[in-house]
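Right, one structure below, let's go through it.
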Amino acid sequence: MKHGFITVASAVPSVRVADTTFNVQQIENQIVQAEGKGVEIIVFPELCITGYTCQDLFRQQTLLEESEKAILLLLDFTRQLDIISIVGVPVVVGDLLLNCAAVIQRGDLLALIPKTFLPNYSEFYEKRWFASLQELRPTEIRYAGNTITVRPDATLFRTCDGVLFGVEICEDVWAPAPPSNLLALAGAELIFNLSASDELLGKHRYLCDLLAQQSARTMTGYVYSSSGYGESTQDVVYGGNALIYENGQLLGKSERFSLQPQMVIQQIDVDRLRVERRTNSTYVNAQRKTADKPLQIVNCHTIQPRDFELLRQFDATPFIPKGENTAESFEEILNIQTCALAKRLEHTNSKSVIIGVSGGLDSTLALLVCVRTFDKLQLPRKGIVGVTMPGFGTTDRTYHNAIKLMESLGVTIREISIAKAVTQHFEDIGHDLSVHDITYENSQARERTPILMDLSNQLGGLVVGTGDLSELALGWATYNGDHMSMYGVNAGVPKTLIRFLVRHIAEEAGGEQKSILLDIVDTPISPELTPADEEGNIKQKTEDLVGPYELHDFFLYYFLRFGFRPAKIFLLASQAFRGQYDETVIKKWLVTFLRRFFSQQFKRSCLPDGPKVGTVSLSPRGDWRMPSDAVSSIWVREAESL
């Protein structure tokens, strides 16, 4: 395991019913392929050594003895291999015949795990041949050249890197209280399921939902392998499902109903699972029930170091909803913002809001949320006072977009130039107007804030802030300037998401309003605090100064959501943005992100209220509490060393 990832595989070999020689050869072929691709643990289907559909042949001594010989061959075959293999086999234990998972590594039979719940309904009648783990008492047997104790209690396995995993078999996961519940609460981070689930109309979707929910509920990586081509089709058909989940998210799946062997290889992020568990107090509390019943832990063999290659694909925009219901997700976000502002207006008995409208992305979204809120409260839109405050850097493009947008929405428009007031302020403090430094910039930002605040007093309204989550992370806000408001509707929305939300509203609006909004989306992000260029275009571009927001949002997501170290964030970003940014650029802006995130905490410590929208928030009253004088050196040092 490196960078917290463990490489696993779910394999579906071709089988011949009751042909153990053929079956073990097929299994060996896939083990070799997996070993060559760096797989650390591979799971095969239920009873794959014999085939699941042997029926009364399971009563034949010949088949049972040949199964044991097949395991012996497999042990010999894996003697020089580091990979851990989990295969299904029938095993005689005392007076019982058990449906078992054999866990094998480097020629050793680490354990035999019997199936707990045996289906005996509809097309299933496993109790005709097999006994359950619940009917077993600890029994020492001699099997495949090994002396081993088969136990009725749950067993955990620990890899040489300290990853804990458990095994359950098919029907176990369909039970009201699956064994994987206990295994996970006892520490298992991965669950492997050997299955032989037949195909019925609608069953596959139910199965996928079941596995996703079990993976999410137990906060595990769940690796599932089910019988495929070659099983008897006398009465049922097996589709060959290989499925891998991580905390409810599907990472990989096989081709169903394939006539060829299948193997799905994926990397499960164990670091991510551990973070989720540590931060989920409900999960921690549930673990108390297992504290007085420690499970047997089988230590796996040490393996040789391997070169690491990241196999998983990572989305470059983790904050953006994906899938068929994207529009629905955007509406949900907007509804969260709208209802939050509605409650604040109702509580303060405010019938008007004051908002600075610049023609940029953030103020556009905040204005649109205000309009939705007033419509929802059945208040006249004229109660929304949009204030445009042209300064030394305001361009015609943003100015006209701000005016046209407010006109199209039917809100009250106020235009108050700040140039005269700021010029007077520079005279008062003795600042040269031609020196375009931080004083020049921040004086403009701070001049705008008292205008909004004083208008709120004059009109009895509430100042709605426009700053977003990304700006808060970087501290890209003027302290006591745009940093301050009476309610920040965008506080939980990152910059990359704002573009999508505004574009979504534009598509819904249509007409002239659509063209205005789309032009705002395409406008370079800028505070417009320094003069435009000779052609009147925006000269001061935020992303040229602090770096691309898509990179910073990526860093922010993995830094806050999972607490990943800089080296891992760099690894994921290098993969997600391959072909777009080279590693030197990613490293540069990662260092910038870390430095700014730590140094700017003082701005976040006194933020106005604002709604949480996604899983990442910087509210000092909610998800993120950090001292303003925390030192960034260990994070920056690691990032600089990459």
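The values are calculated or read from the model by the stated rules, or taken from the named source; none is laboratory data. Remember, it's a predicted structure, so these values are computed and weren't measured experimentally. Please note: Cβ atoms are built from the backbone with ideal geometry, for glycine as well, and neighbour counts cover all protein chains shown. Ligands, DNA and RNA are stripped out before the accessible areas are found, and what is left, the full protein with its side chains, is counted by its heavy atoms. Shrake-Rupley method; radii C 1.70, N 1.55, O 1.52, S 1.80 Å.
Here are the numbers:
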| read-out | value |
| --- | --- |
| Hits in the stretch 372-423 - residues which are of a type in the set (Gly, Ala, Ser), assigned to a loop (DSSP other than H, G, I, E, B) and open to solvent by 10 Å² or more (accessible area, probe 1.4 Å) | 391, 410, 417 |
| Close pairs from the stretch 167-185: first open to solvent by 40 Å² or more (accessible area, probe 1.4 Å), partner in a strand (DSSP E or B) and at pLDDT 95 or above, Cβ under 9 Å, at least 6 apart | 182/166 |
| Near pairs, Cβ below 7 angstrom, 6+ apart or cross-chain, from the stretch 47-62 (closer than 19 Å to residue 27 by Cβ) to any residue that is modelled with pLDDT of 95 or more and open to solvent by 80 Å² or more (accessible area, probe 1.4 Å) | 51/16 |
| Filter result (open to solvent by 10 Å² or more (accessible area, probe 1.4 Å), assigned to a helix (DSSP H, G or I) and of a type outside the set (S, T, N, Q)) within the stretch 8-38 | 22, 28, 32, 35, 36 |
| Which numbered condition residue 296 fails, given (1) touching a strand residue (DSSP E or B) at 6+ places or on another chain (Cβ under 9 Å); (2) open to solvent by 80 Å² or more (accessible area, probe 1.4 Å); (3) not acidic (Asp, Glu) | (2) |
| Those residues of the stretch 572-601 which are without any contact (Cβ under 8 Å) to a residue 60 or more places away in the chain, open to solvent by 10 Å² or more (accessible area, probe 1.4 Å) and part of a helix (DSSP H, G or I), in sequence order | 574, 583, 584, 585, 587, 588, 589, 591, 592, 595, 598 |
| Extreme residue, farthest from residue 379 (Cα to Cα), among residues of the stretch 317-333 that are touching a Phe, Trp or Tyr at 6+ places or on another chain (Cβ under 8 Å) and surrounded by 19 or more Cβ atoms within 10 Å (Cβ to Cβ) | 318 |
| Verdict on residue 151 being open to solvent by 20 Å² or more (accessible area, probe 1.4 Å) and touching a strand residue (DSSP E or B) at 6+ places or on another chain (Cβ under 7 Å) | yes |
| The stretch 257-290 - residue that is surrounded by fewer than 18 Cβ atoms within 10 Å (Cβ to Cβ) and among the aliphatic types (A, V, I, L, M) and, of those, farthest from residue 179 (Cα to Cα) | 259 |
| Qualifying residue in the stretch 605-618 (condition: assigned to a loop (DSSP other than H, G, I, E, B), open to solvent by 70 Å² or more (accessible area, probe 1.4 Å), at pLDDT below 95 and closer than 29 Å to residue 336 by Cα) | yes |
| Residue that is part of a strand (DSSP E or B) and either acidic (Asp, Glu) or open to solvent by 20 Å² or more (accessible area, probe 1.4 Å) (or both), where the choices are 81, 112, 97, 156 | 97 |
| Test: residue 76 is at pLDDT 95 or above and surrounded by 15 or more Cβ atoms within 10 Å (Cβ to Cβ) | no |
| Qualifying residue in the stretch 334-354 (condition: on the phi < 0 side of the Ramachandran plot, assigned to a loop (DSSP other than H, G, I, E, B) and open to solvent by less than 90 Å² (accessible area, probe 1.4 Å)) | yes |
| In the stretch 104-134, the residues that are hydrophobic (A, V, I, L, M, F, W, C) and at pLDDT below 95 | 124, 133 |
| Enumerated strands (runs of 3 or more DSSP E) restricted to the stretch 170-261, each holding at least 3 residues that are in contact with a Cys (Cβ under 8 Å, 6 or more places away or on another chain) and under 18 Å from residue 114 (Cα atoms) | 190-195 |
| Qualifying position, being of a type outside the set (Ser, Thr, Tyr) and over 30 Å from residue 359 (Cα atoms), among 545, 551, 556, 571 | 571 |
| Those residues of the stretch 294-320 which are touching a helix residue (DSSP H, G or I) at 6+ places or on another chain (Cβ under 9 Å) and without any contact (Cβ under 8 Å) to a residue 24 or more places away in the chain, in sequence order | none |
| Flag if residue 5 is under 16 Å from residue 270 (Cβ atoms), open to solvent by less than 50 Å² (accessible area, probe 1.4 Å) and among the aromatic types (Phe, Trp, Tyr) | yes |
